[in-house]
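Notes follow once the structure below has been shown.
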Amino acid sequence: MENKRKRLTREQKREQAVVDLINQMFIIAGHNVTYDDIKDRKDDWYTQWEMTVEQADEWKLWGENYLRKTFKMNKHLAEREMAMINLMWGLKYSNWEEYNKNN
């Protein structure tokens, strides 16, 4: 029996991308949390966990590459999309003040 995967619609791809991006953010930040843990929450769940600025940069770079591959985006568009995703769902930074002092 041949294993054929049904192609996802663009909307299904976008929904899966949100799941993948949020899961990867938690992995990079070192939290034992997944999209399934927060998907039905209506509160400000993204302020309850933290990541460093460096972890956020790593996540954004991972996300840009993911978006470029999945949606055939150019680099500029993928960067802009990840900036918006970070604003909407990115965790708060644990070392923001320290980072600003050093840069």
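The values are calculated or read from the model by the stated rules, or taken from the named source; none is laboratory data. What you are looking at is a predicted structure, and each value in this text was computed from that prediction instead of being measured. All accessible areas refer to the heavy atoms of the entire protein, side chains included, with ligands and DNA or RNA removed. Shrake-Rupley method; radii C 1.70, N 1.55, O 1.52, S 1.80 Å.
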What residues qualify as long-range amide H neighbours of Lys92, i.e. H under 5 Å apart, gap of 5 or more or another chain, H built at 1.01 Å from N? Trp49, Met51
Against the longest alpha carbon principal axis of the chain, how many degrees, from 0 to 90 and to the nearest 10, is the axis of helix 10-29 turned? 40 degrees
Lysine pairs with alpha-carbon atoms under 27 Å apart, the chain, spacing 8 or more or separate chains: 27
At a 1.4 Å probe radius, carbon and sulfur cover how many percent of the accessible area of the chain? 48 percent
For Thr9 and Lys101 in one chain, what is 0.36 nm times their gap in residues minus the Cα-Cα distance, to one decimal in nm? 28.6 nm
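I'd like to check one number: the per residue accessible area of the range 2-62, probe 1.4 Å, reported in Å² as a whole number.
Accessible area per residue, the range 2-62: 73 Å².
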Report the rotationally averaged projected area of the chain based on its alpha-carbon convex hull, in square nanometres. 8.5 nm²
Nearest 10 degrees, 0 to 90: helix 53-71 Cα axis against the chain principal axis: 20 degrees
